[in-house]
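The values are calculated or read from the model by the stated rules, or taken from the named source; none is laboratory data. A quick note: this is a predicted structure, and the numbers were derived from the prediction, not measured. Here Cβ is always computed from backbone atoms with ideal geometry, including for glycine, and neighbour counts include all displayed protein chains. Note: accessible area is taken over every heavy atom of the protein model, side chains too, but ligands, DNA and RNA are not part of it. Shrake-Rupley method; radii C 1.70, N 1.55, O 1.52, S 1.80 Å.
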Amino acid sequence: MGKKIFSGVQPTGNLHLGNYLGAIKNFVNLDNDNDNECIFCVVDLHAITVKQDPKELRNNIRETVATFLASGINPIKSIIFNQSAVAAHAEGAWILSCVARMGWLNRMTQFKEKAGKDKEKASIGLYSYPVLMAADILLYDATHVPVGDDQKQHLELCRDIAQKFNNDFKLENFLKVPEPLIQKEFSRIMSLKDGTKKMSKSELSDLSRINLTDSKDQIINKIKKAKTDPLPMPQDIKELDERLEAKNLLGIYSSLTNSTLQNSVKSFAGKNFSEFKVRLGDELVNKIEPISNEIKKLLGDKNFLDKILLDGVEKANNIASKKIKRIKEIVGF
Ligand code: TYM
């Protein structure tokens with residue numbers, strides 16, 4: 001039987017190689033399988049958990065749609081829509097926030113990382129953001145949720161919320177407990193400047209990431225400047241535990257070429273990083289440049305992108321409005 005897929009991406013600009021290799025590439029594979037029903041959401045409600053410029057946000061919503069299309073998601077087969085246009089997400093998040101426990105949310109490591117030292121000044125939305133994410137998934141009875149490794153804890157929370165709701169209201173399997181789909185390898189792409197930090201849109205230095213809108217020259221330049229260590233390329237996969245930058249670059253190379261880390265290590269063992277970087281740059285340009293060109297082309301036709309969203313909103317609303325109606329009846333409204 002096919003899977004019911006749901007996943008989301010925040011429209012906060014700078015979609016990057018981590019988003020692509022960790023999530024979007026997987027969306028495309030799932031979308032290509034005709035047995036699956038896929039829903040891909042531009043999570044604009046999540047985006048405003050940190051301050052956004054309204055004009056930029058509007059552009060970023062379209063750019064995220066353009067990125068989905070440019071990467072190969074078929075909008076005729078799959079639903080692409082923005083979260084804020086389907087009221088059930090905000091309503092569902094409120095009801096589920098009365099089911100989720102403070103103790104559960106207090107354990108979320110992403111909040112701790114994002115809020116940093118100044119927790120008191122973080123928005124309440126940033127804190128309760130995983131509950132909204134649970135509503136996203138549960139409204140569509142999603143069976144599988146493809147994400148990068150950093151979303152694993154949020155998916156566990158989603159499962160806990162679904163189970164508690166079902167228990168509290170003595171319903172078996174009303175909210176479907178979803179399975180995470182996280183690739184075994186290369187599901188956490190690290191910064192090009194620091195092998196201990198995740199590649200992220202919010203990192204100040206643009207050299208830390210490959211953006212999906214980067215040009216060929218930018219990609220090659222960023223790989224040239226990527227941090228390595230003074231030793232030759234590793235001889236053995238075991239060395240990688242101590243050589244995080246080499247591990248990350250070899251991981252990116254393996255993911256792009258669909259090879260194993262072991263084979264990539266073997267191909268470049270003992271060589272200079274500069275030689276490897278030329279090959280890695282080529283692979284990246286082959287993959288990212290066509291996507292980047294297509295994003296730019298699509299952004300020239302805003303009406304087309306808006307039409308995709310409108311169609312998607314209608315279809316998503318059809319599903320979500322029925323589920324939220326049942327949820328409201330169940331809680332006694
Ligand atoms: P977001 O917008 O931060 O990231 C979108 C997707 O990209 C993945 N990702 C990465 N994967 C590997 N390496 C990286 N460095 C990297 N950075 C990002 C993320 O894991 C994610 O899959 N809360 C979610 C969005 C969301 C969602 C949902 C996802 C909202 N509702 C429902 C699934 C289901 C987020 O902020 O992703």
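Between E56 and F304, residue separation times 0.36 nm minus the direct Cα-Cα distance comes to 87.4 nm.
Just tell me which aspartates and glutamates come within less than 18 Å, Cα to Cα, of K184; anything on the same chain fewer than 8 places away is out. Of all the aspartates and glutamates, those that pass the test against K184 - Cα under 18 Å, at least 8 places apart if same chain - are D149, D150, E156, D241. Less than 17 Å apart at the alpha-carbon level, and either on another chain or at least 8 residues along: which lysines does that give for K297? By straight Cα distance, K297 reaches K216, K287, K307.
A simple spin-label model places the labels of V278 and N318 5.4 nm from each other, with each point 7 Å out along Cα-to-Cβ. Can you pick out the pairs among K77/K296; K225/K266; K25/K77 whose Cα atoms lie more than 19 Å from each other? Violating the 19 Å limit, Cα to Cα: K77/K296; K225/K266.
Scanning the chain for DSSP H helices at least 15 Å long along the axis (C-alpha atoms) with a Kyte-Doolittle mean no lower than -0.5 picks out 54-71, 124-138, 244-257, 273-299, 302-331. Here the alpha carbons of the chain define both size measures, Rg and Dmax, at 20.5, 67 Å. Within the accessible area of the stretch 184-266, the carbon and sulfur atoms contribute 51%, probe 1.4 Å, all protein chains present. Ordering 218-229, 266-277 by mean Cβ neighbour count within 10 Å, with the highest value first, yields 218-229, 266-277.
Counted over the chain, the DSSP beta bridges are approximately 10% antiparallel.
With a threshold of 29 Å on the Cα-Cα distance, the over-threshold entries among K121/K224; K4/K325; K222/K315; K117/K323; K198/K271 are K121/K224; K222/K315; K117/K323.
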